[in-house]
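Student: To start, I am sharing the structure in question, which I have written as structure tokens.
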Amino acid sequence: MSSDRTAHHAAELVTPAGRRVWRLSWLPDRLLTYNEAITGMVLAEMVTARPIRPGYTAHVAGWAAELGLTSSDAAHRITHTSRDGDHS
């Protein structure tokens with residue numbers, strides 16, 4: 001899964017048990033569902049579209065919470081992780 005608004009991406013993987021999961025470039029230590037991967041990509045698009053558009057701050061917080069993160073933690077990970085998953 002890729003975007004024309006951010007360099008981040010999500011990749012589909014198959015676990016040894018045959019389960020389909022997703023991994024975000026900015027959250028490489030977590031295996032996610034398809035819906036969580038979409039949420040993560042939306043978050044990456046919104047955070048990289050600095051500044052975050054007026055009225056979207058609450059949405060960003062909600063999307064981050066869906067991934068078990070705060071909005072500031074998600075923003076930090078998105079802006080400090082390369083598209084290959086390396087932390088800077």
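Every number in this text was worked out from the coordinates using simple rules, so none of it is lab data. As the structure is a prediction and not an experimental result, all values here were calculated from the model. Please note: Cβ atoms are built from the backbone with ideal geometry, for glycine as well, and neighbour counts cover all protein chains shown.
Student: What is the calculated FRET efficiency for residue 21 to residue 80, with r their C-beta to C-beta distance and R₀ = 22 Å, to the nearest 0.05?
Tutor: Numbers: r = 24 Å, r/R0 = 1.07.
After rounding, the FRET efficiency stands at 0.40.
Student: Still on this structure: Hey, what does the equivalent ellipsoid look like for the chain, semi-axes from the Cα gyration tensor as sqrt of 5 times each eigenvalue, largest first, whole Å?
Tutor: Over the Cα atoms of the chain, the ellipsoid semi-axes are 22, 14, 11 Å.
Student: Continuing with the same structure: For each of 78, 52, count neighbouring Cβ atoms within 10 Å of the residue's Cβ, then give the residues from fewest to most.
Tutor: Taking fewest neighbouring Cβ atoms as first place, the list is 52, 78.
Student: Obtain the nm distance between the two label points defined at residue 34 and residue 58 by a simple spin-label model: each point lies 7 Å from its Cα along the Cα-to-C-beta direction.
Tutor: Modelled inter-label distance: 3.0 nm.
Student: Something else: Taking the chain as a Gaussian network, Cα atoms linked when under 10 Å apart, which of 58, 11, 74 shows the biggest mean-square fluctuation?
Tutor: Answer for the Gaussian network model of the chain: 58.
Student: Taking 7 Å along the Cα-to-C-beta vector as the label spot, tell me the residue 1-residue 65 distance in nanometres, rounded to one decimal.
Tutor: Distance between label points: 2.0 nm.
Student: I would also like to ask the following. What is the order of 14, 21, fewest Cβ neighbours within 10 Å to most? Intermediate values should be presented prior to the final figure.
Tutor: On the way: 14 9, 21 16.
The fewest-first ordering by Cβ neighbours comes to 14, 21.
Student: For a footprinting-style exposure proxy, rank 19, 5 by other Cβ within 10 Å, fewest first.
Tutor: Neighbour counts put them in this order, fewest first: 19, 5.
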